[in-house]
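What follows is calculated from the coordinates using simple rules that are stated; it is not laboratory data. A quick note: this is a predicted structure, and the numbers were derived from the prediction, not measured. Positions of Cβ are generated from backbone atoms using ideal geometry, with glycine treated the same way; all protein chains shown enter the neighbour counts.
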Amino acid sequence: MSPDLWSLIWDILQSKLFLELVFIPGIAFIALFTVIVVWAERKILARVMMRYGPLHVGKVAGILQTIADTLKLLFKEFIPPRRAHKAAYYLTPVFVASVPTLALTAIPFSKDWVVFPSDLGLLIAFAVFALSPLLAMITGWACNNRYTVIGSLRVIFQDVAAEIPLLLSALGVVMLSGSFNLVNIVESQRRLWFAFLQPLGALVFFIALIGEIERVPFDIPTAEQELVFGWKTEYGGILFGLLMFGEYITFAAGTLLFVTLYLGGYLGPSFLPPMAWILIKMGILVFLLILIRGAYPRLRIDQLLSIGWKWLIPLAILNVLVTMDLIYFYPWILGG
Amino acid sequence: MSVVVRTLKPLCLAFTHMFRRVFTIKYPFQAPVIEDDYRGRIQFFPERCISCGICESVCPTAAIKLVEVKELEGFSEVKKFKKPQLDFGRCCFCNFCVDYCPSEALKSTWLVELAEYEKSKLTYTPYKLSKQPERPKLLPKPKLVKLEISKVRGAGHAPLKKERGKK
Amino acid sequence: MSEKQKLEEKWISWGPVHPASGQMRVLFQTDGENLLDLIPDIGFTHRGIEKVCEFRTIISAIPSVEKICILDASNVDLGFVKAMEELLNIRVPEKAKLLRTFMCELNRITSHLYWTSLMGAVAGFYTVLMWAINERELFLDLGAMLSKTRVSYIYIVPGGVRYDVPEGFKEKAFEILDYFEGRLKTLYDMFFNNKLFEMRTKGVGVLKKKDAIRLGAAGPTLRGSGVKMDVRKDEPYAAYEEVDFEIPVGERGDAYDRCMVRYKEMRESVKIMKQVLEMLPSGRVKVKTPWILPPGEAFSRVESARGEINFYVVSKRGANPYRVKIATPSFKNLSLLRHISKGSLVADLPILVFSLDPFPLDSDR
Ligand code: SF4
Ligand code: SF4
């Protein structure tokens, strides 16, 4: 091979984009996050329930349990339903697992560590979130099963009810920072995190986020007590693994977005690198969400809808109005 | 206000319970202490048996059958009398046979790990039934644990100080 | 399309192979999320225990009779034994009566805790599932001290109870009961008083007082609708006359009230068990009983954890009863399902079913 090619490969290996795609927030980060969070979730929930949780695989506290489970899933057979639409059945899990990763491209991990720096970063993240009900819908129809159809209908109801308050409460942040660019949003929190400037917006965003990423108490589309496993009922083997993978990537993207918008993203005292700060904040948030899973039962779809439409949306609008007033009467909070 | 308390209290409880004691017993490696007179495997004392057949007639599941005992099987003194043979695949461990045996020739023991790979092995001949209960070789030797209740850390299983030789 | 296929098109089946249904199924029709109609379908676990009893002596029938509702073994057992004792005309020693009461209340608690765990599970609340099962374990240990086995007690037999109180039982029992009282408060904060659980169950599956009486509800389901009826008070058996306890009742008759009635019953049971332990005299626990049943018939009522359970025994002289008829509470309660499901959603279905606390084995017999 010519030295030119070598140097080209070397350049690529050294380029920031490559690092970003492979490490943070790329493949390594996603895989590691899923492995660790699935393990941590099982372990934390086990402790809440006074159990041990994973114990034997891997010498210490069953740390390799997730990997063992993934291997098991890899070797399992797929059994598609007889009357299923085969192409959609096999393809959607791949998309479910890959689409949410796009949301991670917009998240800044430090001032100049963004895969896809854009002035519309926030909108990109939301656009990616808005795609997930579509995939669930296709899956539900493709499986041709009553449980999956009801489950996918629930996904749509739920995402509409959660997405609107999500966007509206994020609007307050956009008004305060004056930009859709996530880097600018983080930078304008240098004085005070937006969670303190707009507690109401942060609360609405948090609740709507739980609904958006379909976790307890809003894991209604996969309610196994009534719908077996909701729109994922018919999947087995690694296809199921991919669906779960997608769920945890959405989880990662959602928590990162919350940290970026309200908890000052990568900001923090300088003894740790910015990337460490965003990961620490994310870890705390993930812990909180896991704990919530241990502390609440599931709600009903009509209750989620009434929470979404009757409480979250009016509160989010109120938040926007209050923010407007604040900016008009006390322009110094903009930091200008 | 009470709504907020009622919503947030479970979250606090979930958090505090993370630091309580684990209740689970890691079974094949740990095992709870089972009293000696637990209704487990039944042990037979052939020298006491008067071959009356009460155990056979009282057994609700027809697990006991009186069978002819041959010399080869290890009993020397009694030959022509029938002795109970017990099928643990049918037994429901009600212990009526133990209760109603007039000469206390049957006794229940602590052994509950009775699983076998073949169903026929569950039928205990009088000779097999008269042997001391013994934990299957397949299982690792467990650490014995005992239930302990503390107000602060909750209920859990703590290892026994000294192991009993028998188990 | 054949007739059968058409039927299958119309109905969605919840169970019998389903994460939450138990050994029964509910066929339901939906319009989106709304439940239009449902049919509870039981009979998957029919074991013919009424018939089995005809081929068993009074003693050896007990292990089978207990399996009607193994979660609540002693209460079912006591019902059968009571009918037999009425036939045989036996008077039971005082200590045996108290021990029977103790065992029945212990079983009521284990059964209600098992229900709590299932209710938590169907509400998607797995923490409660584990907690309630943990607490149940304590009582199984306590029961094992008395009856030498953990679940299928076979403790109550005609003429008394089988084993006397072992050494150190009283201290252990008080330790466990005191601890459990604290845990019950925690369970209340975590589960029964949880705002989200209340949202999930309040106003769901309303059974009005009038309907509860008309449709023949039983046990906590009946009391949840505000009818103050409990065989333990109305027609006291064992030692229930001597102990002091309350009958909790609900007001609105919805799923939440039924849950709360069961929670309060657990508290009352702890109270009863403590009183019994204080009262325990010394003496015999069993009298000798004849094996041959005289001709005649007997009827017994016992308040089991799921409601009133009735045994009607006819005997025509012999070691075996001629006919045994058993009326179980789960059957009575499951037949209410269609009535209380009016205007509910699909997501309410597990809550509706488990708020009645059915045990399919109990309803099939
Ligand atoms: S074991 Fe007991 S009851 Fe059975 S035959 Fe021997 S003496 Fe009789
Ligand atoms: S324990 Fe009961 S079922 Fe087992 S052999 Fe004895 S009488 Fe029969």
Practice task
Tabulate in residue order the Karplus-calculated ³J(HN,Hα) for the stretch C:319-329, using 6.51 cos²θ - 1.76 cosθ + 1.60 with θ = phi - 60°, rounded to whole Hz; enter x for Gly and Pro.
Solution key: 6, 10, x, 6, 8, 10, 10, 10, 10, 9, x
Exercise for the section: Would you pull out the residues with amide H under 5 Å of C:Glu308's amide H, same chain only if 5 or more places away, H placed 1.01 Å from N? Expected result: C:Gly219
Handout entry: Solitary cysteines of chain B, where the nearest other Cys Cβ is not under 4.7 Å
Key = B:Cys12, B:Cys49, B:Cys52, B:Cys59, B:Cys91, B:Cys92, B:Cys94, B:Cys101
Completion exercise
Here the stretch C:215-230 yields Karplus 3J(HN,Hα) values (6.51, -1.76, 1.60; θ = phi - 60°; whole Hz; Gly and Pro given as x) of 8, x, 5, 9, x, x, 5, 5, 5, x, 8, x, 8, 8, 9, 8
Exercise for the section: Read phi for every residue in the stretch A:123-138 and hand back ³J(HN,Hα) as whole Hz from Karplus 6.51 cos²θ - 1.76 cosθ + 1.60, θ = phi - 60°, with x for Gly and Pro. Expected result: 5, 4, 4, 5, 4, 5, 4, 5, 6, 5, x, 4, 5, 4, 4, 4
Fill in the blank from the handout: Candidates C:Ala255, C:Ala61, C:Ala144; GNM for chain C (alpha-carbon contacts under 10 Å) flags as most fluctuating C:Ala144
Problem - Part-to-part distance (alpha-carbon centres) for the stretch A:263-286 and the stretch A:118-132, which is given in Å - result: 22 Å
Exercise for the section: For A:Leu17, put the label point 7 Å out on the Cα→Cβ axis and report which residues of the stretch A:91-129 keep their amide N under 12 Å from it. Expected result: A:115-117
Problem - Number of partner chain Cβ atoms within 10 Å, mean per residue of C:173-182 - result: 2
Fill in the blank from the handout: Once both label points are put 7 Å beyond Cα along the C-beta direction, the B:Arg6-C:Tyr188 separation in nm becomes 1.4 nm
Practice task
Extending each Cα 7 Å along its Cβ direction at C:Lys316 and A:Arg82, get the distance between those two points in nm, one decimal.
Solution key: 5.1 nm
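Given that compact globular proteins tend to follow 2.2 N^0.38 Å, what is the ratio of the alpha-carbon Rg of the stretch A:260-326 to that value?
Numbers: Rg = 16.9 Å, N = 67, 2.2 N^0.38 = 10.9 Å.
So the Cα radius of gyration is 1.55 times the expected 2.2 N^0.38 Å.
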Fill in the blank from the handout: For A:Lys76, the lysines lying under 20 Å Cα to Cα, once residues fewer than eight places off in the same chain are dropped, come out as A:Lys86, A:Lys232
Handout entry: For B:Ser108, residues with placed amide H under 5 Å, excluding near neighbours
Key = B:Gln43
Fill in the blank from the handout: Amide H neighbours of C:Glu246 at under 5 Å, excluding residues fewer than 5 places away on the same chain, with H built from the backbone geometry, are none
Practice task
Using the charge dipole of the protein assembly as shown (Lys, Arg: +1 at Cβ; Asp, Glu: -1 at Cβ; taken about the Cα centre), state which of C:Ala96, C:Val287, B:Ala155 has its Cα farthest towards the positive end.
Solution key: C:Val287
Handout entry: Degrees separating the helix B:2-17 axis from the principal Cα axis of chain B, which is the longest one
Key = 60 degrees
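Step by step: find N for chain C, compute 2.2 N^0.38 Å, then divide the Cα radius of gyration by it. What's the final number?
That ratio works out to 1.00.
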Exercise for the section: Specify the inter-centroid distance of the stretch C:158-193 and the stretch C:204-269, based on alpha-carbon positions, in whole Å. Expected result: 22 Å
Fill in the blank from the handout: Lys pairs in the stretch C:1-131 with Cα under 24 Å (8 or more apart in sequence, or on separate chains) total 6
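Assuming R0 = 51 Å, what is the FRET efficiency of A:Trp6 and C:Lys202, from their Cβ-Cβ distance, to the nearest 0.05?
0.10
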Exercise for the section: Report the residue, chosen from A:Val22, A:Val173, A:Val216, that carries the largest GNM mean-square fluctuation when chain A is represented by alpha-carbon nodes joined by springs under 10 Å. Expected result: A:Val22
Exercise for the section: Describe numerically, in nm with one decimal, the distance between label points set 7 Å from Cα along Cα→Cβ at A:Phe75 and at A:Phe196. Expected result: 5.4 nm
Handout entry: Relative contact order (percent, whole number), chain A, Cα cutoff 8 Å, 6+ residue spacing
Key = 22 percent
Problem - Dipole moment magnitude, nearest 20 debye, the protein assembly as shown about Cα centre, only Lys, Arg, Asp, Glu C-beta charged - result: 2280 debye
Handout entry: Set of lysines near C:Lys202 by C-alpha distance (under 27 Å), chain-local residues within fewer than 8 positions excluded
Key = A:Lys310, B:Lys9, C:Lys185, C:Lys210, C:Lys228, C:Lys264, C:Lys332, C:Lys342
Completion exercise
Length gained, C:Leu280-C:Glu181, 0.36 nm per residue minus C-alpha separation, equals 33.5 nm
Handout entry: Test item: A:235-246 mean partner chain Cβ contacts at 10 Å
Key = 0
Fill in the blank from the handout: In a Gaussian network model of chain C with springs linking alpha carbons closer than 10 Å, the residue among C:Ala239, C:Ala347, C:Ala123 that fluctuates most is C:Ala347
